[in-house]
Every structure is written in C-alpha cells, then in structure tokens.
Amino acid sequence: MNRYWPDLWIFIAVIIGGFVGGMLGSRFQKLFSERVLKWVLAITLFFLFFRFFKIEIWI
Amino acid sequence: MKKVSIVLTLLIVGIALMAAVPNSTLAAAKISASDYKVGDTVTVEGSIEPGKDLYVTVVSHTTFAPKDTDGVHEVARLKKEGQKRGFTNETSIPVFYYLLTSNPSKFGEVTKKKFGGPSFLPGLYSTTMFKLATFDKLDAEAKNVLGPIKSKEEWDFFRFAHESDYGINTITKEGAKRGKITIFARSILGDYASSGNYWDKGTSIQLDKSTGKFTVSFRTFRHTPPDTKFDVYVNGAKAGTYNLQPKGFWLSRGYRYMNPIIITIGAIIVGIFFTMIGAAGGMLMAAYQVIVVQTAGPIGINAANVLRSSNIALTLFAPLGAFYRYAVVEKRVAWPVGISFGVGILIGSIWLGRYATKYLPMSSYKEWLAVLVLIMGIRTLYELTPKVMEKRKAIKAMVKKFNEEVARAKAEGRAVEMGKIETVKTGLTSYHFKFWGEDFSINPLLFGILGVVIGIVSRSFGIGGGFLLVPAMTTLGALPMYVAVPVGLIGSAASVPLSATP
C-alpha cells in the first residue's frame, strides 16, 4: 500500500487549497440565489457527464 | 613487396569486416550537447552510408520490468496482460524510447483511431495513430536498429507500454494527445514538416541520401524525470550519451514538473465550487489533476492510484474549511439528516461495499454512473421550471425572503444574513424544521438508506456521494440548496476513508 501514497507536495497543496476554498465557498454561497446555485450544480453535473463519456475532450 | 602484401591483407580484412557487419559501422554522428534541460531540443548530426535510410534510436538508461513494481494491483494486472500479450515478469524495456527515422513504415503504419464517447459506441471522434507492427513483421534491418530491444518479448512489452492506456499510465507516462485525450505514446517519429502527424511535432529529420549527411532534432519530453540519461544510436551503432536536467519543481510521485502554488490555486477554485454546491468535489479535483496537473505517478504505479489518494485531501479538508461557517456561525446544518446520511454511507462503504466490489463486476457499471450524473443534472434543472417552483411553496417563499434580504443588505452596506435552522420535531422517520421561517420536513431514515446506496457506489468507484445526495435532497426532499449543501459535505467527508482505497 505504501506505493499508493500521494505526492507529498500535491497532497499539501490540495489540503491548503481545499481548506481555503472551503472557507471561501461557504462565505460566497450566500452571494448567490437558490436558482443560480442550482444552475451551477446542474452545469457541473453536465460537465462531469461529458468528461466521463469523453464527449468533451478539449478543456 | 612484403610491405605491400601486409597493406593489401589489411585492406582485404577491413573490407571483409565492413561487409560482415551491418552498415551501422559506417555511421558517424555527433550530439549537439551532453546536457540539456527537459523540454529542450536535442540535435544529432552526422553521416551514414549514402543511399541508406536513417534510424536514430534514443533510449533512456532507466528501464522497467513488471517485477520492478510493488503496487498490488499493478503486479496482478501486468501478470494478466503479460499472459495475453506475450511478455514475462522479467521482460525489461527502456522507459523512454524514441526512434527517429526517415522510414517509419519499417516499424508499423499510420492507422485510423476512433476515440471518445461511451464504450458501446465505436468512438465519436476520429484521428490517426502510429500502430507498431508485430515483431514477426519487422525485417532484419529494422530489428538491427532497435537498440536494447532485441527479442519478441521485449517488443511485445514495448507495444503494450505505448499503445495500451494502462501501459501508458503505468509505464511510459507520456502521451500523444488529441484534445486532452491520450491516443498512444510516441515512439517511432518521422519528420513533422513532411508527415504533418501530430505525434511528430517538434521532430525534424533531414537526410541527404546521395551523400548520407543528416541532421536530426527532436523535442524531449517536458516531464522526463531529472537527470535521466539517454543513449543515442545511429543505424544501430552507439553515437553518444546525453543527460536531461530538471526544469521547474519536480513532483517525485506526481511525476510532473509543476509549481505547487498552481495546484493550490486549482484546489481553492475546486474547493469554492464544492462547498457552494456540496457536490462533485472529488470528481472535479480528479479532473483538475488529469487535465491541468496531469498527475502521472511513479513508474510502475498506475496514475489513477496516486491521483485518487491526493483527491481525498480535498473531499475531507474543503468541508472542514466550510464547516465552521455552516455549522457554527450560520447554523445551517440539518444534523439528524447529516448524521443519518453519514452513518448510512459508512455502513454502505465499509460493510456492503466490500461485497459489492467482491462479487459484482462494478467496473463494468462505471458508465451508469455517468448516466446517473446526467439524470441528476436534468432533474436539478427541472426543479427550476415555473411548474415545479409553484409546487415548492416553502422554497418560493424562502427565495423571496432571500432576495429581500439581499436588497436590504445592499442598501445598508452590510453582508447578507442567512436564515438559521430551527428544529421543530426530531424523529427517526420525520425531521421537521424551520428555515428562514418556512416549514420543511424530511425523513432521516430515508436518507440513511440512500447513504447506504451511495456508500456502496463510493466504495466501488472511489468517489464521494455529494453529486447524488444534493440533487436528491433538493428534488425528493424539496429542500433548499442552503440546507442541502452542508449535509452533502458531511456525506462526502464520511466517504473519504474508503474512497481512498485503490
């Protein structure tokens, strides 16, 4: 299992980025209406669908 | 007379030797430098026997054989692939290998390749790739210039490492891409100016067949590990060695040069998205790592197994960063639903997920996950239609209050104050609460069961469950996003311990 450890620097960068992003995201959420948040959620899900099936290959 | 006969004898012996060995010994070449930085262009100049084709073979000193990996999954997979494709645990090949030639057709052919789209379709997009020939189809001249690759086993392993997705992601770590999709790994390279092939980009081969003079240059792989040494052979004869020095910050397990600050910025953006919508944090981080960072993992370890373990940092730490505000400052966590869902996901992932991965071929269902993502996206948009909004009276009233508060806050020059969750009644099957003065009710047991299902999915595919839970809460539970998101984050964080398992 040791061989599956993540890259230390990526791991640290993601921890810091994730935590800061979490703090900012929770503050930003109230800047958006229910409708906008649902649109963002739907667009994110569509993006993942297109990536998953390799329909979107350019971004 | 004696002297003349000695000279004649030497001349005859020399001619005989030249005739006996391949034309390679006639080649003379010079590499433009002994040290380059990764991504630099290497130039080789010299001359070969007039009228002959040119073969410049560039091979790394770093080699790999299946026995070199200690990744549990890689050991099993490479053994299976070896039985199918004809290589063994001991078969060793150079990790980086390029053959620059004026005659690529000696080693294979340019074929059409379909790619993209779901597996049940032949491929949405069409491109070309260089398909390596089988060992039997290589003639003596081709076999003579392969450098350290001598046997059929080695050639078969080489083909696997350059043409199979698994081989590329585990061994060569370098892909010739269309868009962001790896088609194959470059190995046989021709002159880009005359071929126009996308994998030949950065390669120039100029050969004057009448004199045998040549100049070859090619761009080295930007993410070659620091201080990788290469041997250069010209028409089978060793011409020299060069070394690639690092350029940028080397990620030893990510196997890429990248400044960690760029990764931090990406994680911040993904973290903001994730904690705003409560879903898809792990999947977005994985997409960022694949598309931007291009995390490759060390040689012998499949990229996905290194990538997955660094993703969990996001699905755990982004909710932690958001939690203080959601739970303590704004009191927006529906605890009974969150706890029920968290317990469900743990049961699903730890207990049932083990059996699911053992007895069901879950990987073959992977594409259904994409279909599920699509359905959830459509359902979320459907929730926004006037017909549905009309039914969701509590949400409609809450949206009105939110808009009024935004307008008030703007007029008064202060931050928007969110509504809080006030519990009315708590039970196993019914949790009744007020949010911004509006009544909402949800069944925690139902979401516990949903958590079990999501836990199984999470264990099987190594992802969180937010993308299922948040749309489920907003559609089935008719809850506002402001309440669904904190619960979705609890679920994603609960799925972390098991989603890290490769």
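Laboratory data are not the source of any read-out in this text; all were calculated from the coordinates shown. All values reported here derive from a predicted model rather than from experimental measurement. Here the Cβ is made from the backbone with ideal geometry for all residues, glycine too, and neighbour counts use every protein chain on show.
Over all other residues within a Cβ to Cβ distance under 13 Å of residue B:43, the charged ones net out to 0, with Lys and Arg as +1 and Asp and Glu as -1. The length gained on full extension between residue B:411 and residue B:367, counted as 0.36 nm times the residue separation minus their Cα-Cα distance, comes to 10.9 nm. Length gained on full extension, residue B:382 to residue B:222: 53.0 nm, using 0.36 nm per residue less the C-alpha separation. Checking the table B:67/B:113; A:30/B:331; B:80/B:106 against a 20 Å threshold on Cα-Cα, which pairs fail? Where the Cα-Cα span goes over 20 Å, the pairs concerned are B:67/B:113; B:80/B:106. For segment B:122-221, the Cβ-based charge dipole about the Cα centre amounts to some 320 debye (Lys, Arg positive; Asp, Glu negative; other atoms uncharged). Our coupling estimate for segment B:83-88, obtained by passing each phi through the Karplus curve with A = 6.51, B = -1.76, C = 1.60 and θ = phi - 60°, is 5, 6, 9, x, 10, 10 Hz, Gly and Pro reported as x.
Derived scalar couplings between HN and Hα for segment B:141-150 equal 5, 5, 5, 6, 9, 7, x, x, 7, 10 Hz in order, rounded to whole Hz, by the Karplus curve 6.51 cos²θ - 1.76 cosθ + 1.60 (θ = phi - 60°), x for Gly and Pro.
Rounded to the nearest 0.05, what FRET efficiency do residue B:429 and residue B:73 give with R0 = 45 Å and r taken as the Cβ-Cβ distance? Could you check? It comes to 0.60. Placing +1 on the Cβ of every Lys and Arg and -1 on the Cβ of every Asp and Glu, with no other charges, gives the protein assembly as shown a dipole of roughly 900 debye about its Cα centre.
Each residue of segment B:311-316 was assigned a 3J(HN,Hα) from its phi angle through the Karplus curve 6.51 cos²θ - 1.76 cosθ + 1.60 (θ = phi - 60°); the sequence is 5, 4, 4, 6, 5, 9 Hz, with glycine and proline shown as x. Summing Lys and Arg as +1 and Asp and Glu as -1 over all other residues whose Cβ lies under 14 Å from the Cβ of residue B:206 gives a net charge of -3.
Normalised by the number of residues in chain B, the mean separation of alpha-carbon contacts (under 8 Å, six or more apart) gives a relative contact order of 16 percent.
In this structure, the amide hydrogen of residue B:188, modeled 1.01 Å from its nitrogen in the peptide plane, lies closer than 5 angstrom to those of B:99, counting only residues at least 5 positions away or on a different chain.
In this structure the amide hydrogen of residue B:213, modeled in the peptide plane, comes within under 5 Å of the amide hydrogens of B:48, B:208, none closer than 5 places in sequence on its chain. Full extension of the chain segment joining residue B:331 with residue B:166 gains 54.7 nm, where the gain is 0.36 nm per residue of separation less the Cα-Cα distance. The residue among B:118, B:274, B:316 whose Cα reaches farthest toward the positive pole of the charge dipole of the protein assembly as shown, with charges on the beta-carbon of Lys, Arg, Asp and Glu, is B:274.
Give, in whole angstrom and from largest to smallest, the semi-axes √(5λ) of the equivalent ellipsoid of the protein assembly as shown, with λ running over the eigenvalues of the Cα gyration tensor. Could the numbers behind the result be given before it?
Values: eigenvalues 708, 99, 76 Å².
Whole-Å semi-axes of the equivalent ellipsoid: 59, 22, 19.
Could you estimate the translational diffusion coefficient of chain B from the Stokes-Einstein equation, with Rh from the Kirkwood formula over C-alpha pairs, at 10 °C and 1.306 mPa s, in whole µm²/s?
Numbers: Rh = 26.7 Å.
Result for D is 59 µm²/s.
Amide H contacts of residue B:175: none lie under 5 Å away among residues 5 or more positions distant or on a separate chain (H built 1.01 Å from N in the peptide plane; Pro and chain starts excluded). Binning the alpha carbon pair distances of segment B:385-441 at 5 angstrom intervals from zero yields the distribution 4, 18, 19, 19, 17, 13, 7, 2, 1, expressed in whole percent. For chain A, a simple Cβ point-charge model (Lys and Arg +1, Asp and Glu -1, everything else neutral) yields a dipole of about 140 debye relative to the Cα centre.
Listed by chain and number, the lysines placed with their C-alpha closer than 20 angstrom to that of residue B:112 are A:54, B:131, B:137, B:177, B:180, B:201; residues fewer than eight positions away on the same chain are left out. Using equal-weight Cα scatterers in the Debye expression, the normalised intensity of segment B:191-333 in log10 at q = 0.10, 0.15 Å⁻¹ is -0.55, -0.90.
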